[in-house]
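Rule-based calculations on the coordinates, nothing more; no lab input. Note that the structure is a prediction, hence the values are computed from the model and not measured. Neighbour counts run over all protein chains shown; Cβ positions are idealised from the backbone, glycine included.
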Ligand SMILES: [Zn+2]
Ligand SMILES: [Zn+2]
């Protein structure tokens, strides 16, 4: 299986393209911009069957409408963030005066759900950065796509109107750090890391004392 990250969009989001050797289908996680993702897919002769969103902030969803239009890909998001796909106040695009083309979700996810998109993803509900933040776990690859919940030596912002720092801390400390074993983490911004490294080094989680 291949995982290719493309940093794109106005806030340098890591968009991830995942595919297997046996066919040309691919999954795109958090398409932040259509064109660079499309260019890569064309070069590899891939077509997008599913779009998986870690949360609904504009910087992570700006490329969704373009991919949906071209491939009619199935859009997955947690039910609590689904309205952010078409509400510029909720997805914060209005803050930067940016236009994000509105779309509707096809599948609303909840904690513990599985997404079967050629690859099988397990949904871990990790609210805090947004009320509908989720991580996508790929067990076979020992990989987790953490969106803006957990970064290398950092965590997502919890100072937005709908953020909740206590929820974010619990999501990381209980739900992610509580997973058995080690995983490679593919975050929404900056470089990859591992669960073990963050368990022992993440300064925000280590020093958090609650609000
Ligand atoms: Zn975000
Ligand atoms: Zn982000």
Of (1) within 13 Å of ligand 2 (Cβ to nearest atom); (2) farther than 16 Å from residue 115 by Cα; (3) touching a strand residue (DSSP E or B) at 6+ places or on another chain (Cβ under 6 Å); (4) in contact (Cβ under 8 Å) with a residue 60 or more places away in the chain, residue 92 satisfies every one except (3)
- Query: Scanning for something touching a strand residue (DSSP E or B) at 6+ places or on another chain (Cβ under 9 Å), in a loop (DSSP other than H, G, I, E, B), within 16 Å of ligand 2 (Cβ to nearest atom) and under 21 Å from residue 206 (Cα atoms), does the range 118-127 turn up at least one residue?
  - Reply: yes
Fill in: Test: residue 156 is closer than 23 Å to residue 51 by Cα and within 16 Å of ligand 2 (Cβ to nearest atom)
yes
Of the candidates 124, 134, the one satisfying the condition of being more than 25 Å from residue 89 (Cα to Cα) and in contact with a helix residue (DSSP H, G or I) (Cβ under 9 Å, 6 or more places away or on another chain) is 124
Problem - Test: residue 53 is crowded, with 20+ Cβ neighbours inside 10 Å and either more than 17 Å from residue 135 (Cα to Cα) or in contact with a strand residue (DSSP E or B) (Cβ under 9 Å, 6 or more places away or on another chain) (or both) - result: yes
Restricted to the range 141-157 and to residues being surrounded by fewer than 17 Cβ atoms within 10 Å (Cβ to Cβ) and over 21 Å from residue 6 (Cβ atoms), the residue farthest from ligand 1 (Cβ to nearest atom) is 142
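Every residue, every condition in (1) over 17 Å from residue 192 (Cα atoms); (2) free of Cβ contacts under 8 Å to residues at least 24 places away in the same chain; (3) in contact with a strand residue (DSSP E or B) (Cβ under 8 Å, 6 or more places away or on another chain), yes or no:
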| position | (1), (2), (3) |
| --- | --- |
| 17 | no, no, yes |
| 23 | yes, no, no |
| 32 | yes, no, yes |
| 39 | yes, yes, no |
| 66 | yes, no, no |
Here the residues within the range 77-111 that are out of contact with any helix residue (DSSP H, G or I) (no Cβ under 8 Å at 6 or more places or on another chain) and either surrounded by 14 or more Cβ atoms within 10 Å (Cβ to Cβ) or under 14 Å from residue 127 (Cβ atoms) (or both) are 78, 79, 80, 81, 82, 83, 86, 87, 94, 106, 107, 111
Do we have any residue at all in the range 49-62 that's away from ligand 2 (no atom under 16 Å from the Cβ) and more than 25 Å from residue 185 (Cβ to Cβ)? no
